[in-house]
Amino acid sequence: MYEVILTLHSYLAYIVLAILFLAVGNAISGLASNKMFTPEKDFRLSLFALILTHLMLIVGLILFFVSPSGLQAIQTLGMGGLNAPARLLAVEHPFINIIAVTLITVGWSRHKKFIEGNKKFKSIAIFYGLGLILILSRIPWGQWFN
C-alpha cells in the first residue's frame, strides 16, 4: 500500500505543479492586461488548481501516516534524532505544504468576494503564488528525481 500511495503522490505532484504554474501565470497575465475574470477559463483553472492541491494534501497526509519516513520516523528516532533529509520528509515537507494549501484556499475564498476582475486576479496571483513558492521550497528534490 505504501508504494502505491508514494507513486500516486509523486505523479500527482507533477500535475499539481503544472496546474499551479498555469493558474498563477494566468492570474498574473489577467492582472497585467486588466482583463475580465471569465468563468470559462479563469474560474475553472483556479478551481482545478484548488481541487488538485487539496487532493494532493489528502494523499500526502495518508502517506505521512503509512510511510516509514513520516510519523514512524518521528516515533522511532524522536525529533532530535532526525537528520536533515529525514527532518525534511517527516516535518518540514508536510508542515510547509499544509501552510501552502491553506494560502491557496485563502486566495480562492478571497477571490469570490470581489466583483472586479483585477481584484480577483490579484488575490489568486498573490495567494496561489505564495503557496506555489512554499511548495517548491520543500520538495525533496534529491529524492524525487532518484
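Every residue, every condition in (1) free of Cβ contacts under 8 Å to residues at least 24 places away in the same chain; (2) closer than 21 Å to F127 by Cβ; (3) small (G, A, S), yes or no:
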| position | (1), (2), (3) |
| --- | --- |
| Y2 | no, no, no |
| L17 | no, yes, no |
| L50 | no, yes, no |
| L71 | yes, no, no |
| Q75 | yes, no, no |
| L82 | yes, no, no |
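I need a count of the residues in segment 32-57 that are among the hydroxyl-bearing types (S, T, Y), touching a helix residue (DSSP H, G or I) at 6+ places or on another chain (Cβ under 7 Å) and over 16 Å from R110 (Cα atoms).
Taking segment 32-57 first, the residues among the hydroxyl-bearing types (S, T, Y) are 33, 38, 46, 53.
Within this subset, residues satisfying the condition of being touching a helix residue (DSSP H, G or I) at 6+ places or on another chain (Cβ under 7 Å) are 46, 53.
Those still in the list that are over 16 Å from R110 (Cα atoms) too: 53.
Of the residues in that region, 1 qualify.
When you scan segment 75-84, do you find a residue that is in a helix (DSSP H, G or I) and either crowded, with 16+ Cβ neighbours inside 10 Å or in contact with a Leu (Cβ under 7 Å, 6 or more places away or on another chain) (or both), even just one?
Residues of segment 75-84 that are in a helix (DSSP H, G or I), as a first pass: 75-77, 79-81, 84.
Filter once more, so that each one left must be either crowded, with 16+ Cβ neighbours inside 10 Å or in contact with a Leu (Cβ under 7 Å, 6 or more places away or on another chain) (or both): none.
Looking through segment 75-84, none of the residues is in a helix (DSSP H, G or I) and either crowded, with 16+ Cβ neighbours inside 10 Å or in contact with a Leu (Cβ under 7 Å, 6 or more places away or on another chain) (or both).
How many of the residues making up segment 87-146 are of a type in the set (V, I, T), closer than 30 Å to L6 by Cβ and in contact with a His (Cβ under 7 Å, 6 or more places away or on another chain)? Working first, answer last.
So the first thing to find is which residues in segment 87-146 are of a type in the set (V, I, T), and the list is 91, 96, 98-99, 101-102, 104-106, 115, 124, 126, 133, 135, 139.
Narrowing the set further to residues that are closer than 30 Å to L6 by Cβ leaves 91, 96, 98-99, 101-102, 104-106, 133, 135, 139.
Next cut, in contact with a His (Cβ under 7 Å, 6 or more places away or on another chain) only: 101.
Result for segment 87-146: 1.
Being among the polar types (S, T, N, Q) and either closer than 24 Å to I19 by Cβ or within 20 Å of the chain's Cα centre (by Cα) (or both) is the filter here; which residues of segment 35-89 pass it?
Taking segment 35-89 and keeping what is among the polar types (S, T, N, Q), we get 38, 46, 53, 67, 69, 72, 75-76, 83.
Matches in segment 35-89: T38, S46, T53, S67, S69.
Take segment 108-122 and flag every residue that is touching a residue at least 40 places away in the same chain (Cβ under 8 Å) and either buried (at least 19 other Cβ atoms within 10 Å of the Cβ) or of a type in the set (G, A, S) (or both).
The answer is W108, H111, G117, K120, F121, K122.
Quick check on segment 101-118. Is at least one of its residues among the hydrophobic types (A, V, I, L, M, F, W, C) and over 14 Å from T53 (Cβ atoms)? If you could, list the steps in order and put the result at the bottom.
Start the filter on segment 101-118 by keeping residues that are among the hydrophobic types (A, V, I, L, M, F, W, C), which leaves 101, 103-104, 106, 108, 114-115.
Next cut, over 14 Å from T53 (Cβ atoms) only: 114-115.
Yes.
Only the coordinates and a few stated rules stand behind these numbers; no lab work does. Because the structure is a prediction, the values reported are computed rather than measured. Please note: Cβ atoms are built from the backbone with ideal geometry, for glycine as well, and neighbour counts cover all protein chains shown.
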